[in-house]
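Right, one structure below, let's go through it.
The values are calculated or read from the model by the stated rules, or taken from the named source; none is laboratory data. Keep in mind that this is a model prediction, so the values were computed, not measured. So basically every Cβ, Gly included, is an ideal-geometry build from the backbone, and we count neighbours across all protein chains shown. Heads up: the accessible areas ignore ligands, DNA and RNA and are worked out on the full protein's heavy atoms, side chains in. Shrake-Rupley method; radii C 1.70, N 1.55, O 1.52, S 1.80 Å.
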Amino acid sequence: MKAIILIVSSLLCFVTAQAGAEVYQRNTARPVNQVVFGQVDTMRNITQRQVIESAQSGWKTLGGALIGGLIGNQFGGGHGREIATAVGALAGAGAAQYYQSGGEVVENKLVELLIRSDQGALVNVIQDFDSAMVFAQGDKVRILYFDDGVRVDKTY
């Protein structure tokens, strides 16, 4: 049997911080497009900072390498210029990686859930951590699909 893996991200707290959208509240009535029932295979707690670093680190490193390469290209001639360009690109990439971890970042708690639906498909959902809704392996859950995201709740 071939398992289908769907990756769905419900990072509503990120949308709020960046676009000013409202966060989904459990006591808010909203139209639901689809409900899928399943069971938690695995869960892990993560932070918003971890997700942001993995999404942005490549662009910052590339930018540092580009700037370093442009600066290095200003020195030497012939093969010396090529070497200076390569060294500048490496130094720029290294500097970008070194300095990108700095700065103040708020770490919002998130939970990543891998859910096996009742139909056998695997669904991965990342959502904000809710201390009133703590998940464990084996929990029966429902996946609520909305126009603008996904939410997982326990079924009792």
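Data table
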read-out: Net lengthening on full extension, residue 32/residue 107 (0.36 nm per residue, minus Cα-Cα); value: 24.1 nm
read-out: Residue 140-residue 124 pseudo-label distance in nm [points 7 Å out on the Cα-to-Cβ vector]; value: 2.8 nm
read-out: Spacing of the two label points (7 Å from each Cα toward its C-beta) at residue 79 and residue 46, in nm; value: 4.7 nm
read-out: Local electrostatic count at residue 41 - Lys and Arg +1, Asp and Glu -1, tallied over other residues with Cβ under 14 Å; value: 0
read-out: Solvent-accessible area per residue, Å², over region 73-156 with all protein chains present [probe radius 1.4 Å]; value: 59 Å²
read-out: Cα-projected label distance for residue 71 with residue 155, points at 7 Å along beta-carbon direction, nm; value: 5.8 nm
